[in-house]
Ligand SMILES: [Zn+2]
């Protein structure tokens, strides 16, 4: 947080009021505000902040937030009633990023009135959050993910909280991760395998890491990007040496497992007790019609499709349980694979 102590802080263009009576230094930017505004919410933590602040009353109080966070909060604190009314009338393109920041800052500084306003803005347009996650920058995905991790730890619904808000908070993490993976899958250039994986590693999110590795592996089947044996394969993925190793080892192991599945599906489906000779030909027929075309490229999807087509035929469901690895374990080939491997030479083969 070096920026907080920047030697030459700049004044914020909007929220530096000459007649303000308190100054904050946030991310290298000075905000001069009015205590009456900051104290308006009765539980406001800013009341204590001034009591506890050391130094002269005119000194800037450092806050460990970003200037963008502070601007978002100031917008909410200083918005004119007509501005809010207009927003309620025609929310238009909701600035999700701003309102997420407002909610986060309002929670941090105990400003429930402003937190509530932030939530209302976020809910004003249905689907605003997923739409935002679908096109925001990767920095904003990282920010939303961090926020979602914090919100996730706030526990179960206690019956008193607003259920809609609770479910937004609770679903945000999976929403961010799913969108990130979808965007990687469709080749969105704003997102990268490396940052998605690094974020998954930072918060120990195996779900995200597994999905990203599976998506990276799909590219090996789908898209030609190797044009010469001397071309570094990792150019396409731009992973860290360890991530790249995990991708390669996981890919090799999964390919081997899927080769065994490929042989097993050629076998006849065994007749189980409970299925008779009259009914069983139908089991065989349904099993033989299962489509395995994309088994190597997208095992998750192919397994799910086979299981759903086999529902109601116990011979098939049991046979599938025997020959298919569990869907939930697919990601494990990437995540536990590298544990037995270390990169021992200085220049790993990238
Ligand atoms: Zn049968």
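The values are calculated or read from the model by the stated rules, or taken from the named source; none is laboratory data. If you're wondering where the values come from, they're calculated on a predicted model, not measured in any experiment. Every residue, glycine as well, gets a Cβ built from its backbone with ideal geometry; the counts of neighbours run over all protein chains shown.
Before moving on, here are some points about what is shown:
- Selected residue [free of Cβ contacts under 8 Å to residues at least 60 places away in the same chain, on the phi < 0 side of the Ramachandran plot and in a loop (DSSP other than H, G, I, E, B)] from 101, 135: 135
- Condition met for residue 177 (within 30 Å of residue 316 (Cα to Cα), assigned to a helix (DSSP H, G or I) and touching a residue at least 12 places away in the same chain (Cβ under 8 Å)): no
- Among helices (runs of 4 or more DSSP H) entirely within the stretch 246-350, having at least 2 residues that are within 16 Å of the ligand (Cβ to nearest atom) and at pLDDT 90 or above singles out 280-288, 299-309, 314-323.
- Scan the stretch 208-237 for residues that are in contact with a helix residue (DSSP H, G or I) (Cβ under 8 Å, 6 or more places away or on another chain) and assigned to a helix (DSSP H, G or I) and the total you get is 16.
- The lone criterion from (1) modelled with pLDDT of 90 or more; (2) in contact with a strand residue (DSSP E or B) (Cβ under 9 Å, 6 or more places away or on another chain); (3) part of a helix (DSSP H, G or I) left unmet by residue 76 is number (2).
- Selection status of residue 204, more than 16 Å from the ligand (Cβ to nearest atom), in a loop (DSSP other than H, G, I, E, B) and either without any contact (Cβ under 8 Å) to a residue 40 or more places away in the chain or in contact with a helix residue (DSSP H, G or I) (Cβ under 7 Å, 6 or more places away or on another chain) (or both): yes
- Here residue 49 passes the criteria (1) modelled with pLDDT under 90; (2) in a strand (DSSP E or B) except the one numbered (2).
- For beta carbons closer than 9 Å, sequence separation of 6+ or different chains, a first residue in the stretch 252-271 that is farther than 18 Å from residue 314 by Cα and a second that is within 16 Å of the ligand (Cβ to nearest atom) and assigned to a helix (DSSP H, G or I), the qualifying pairs are 260/323; 261/323.
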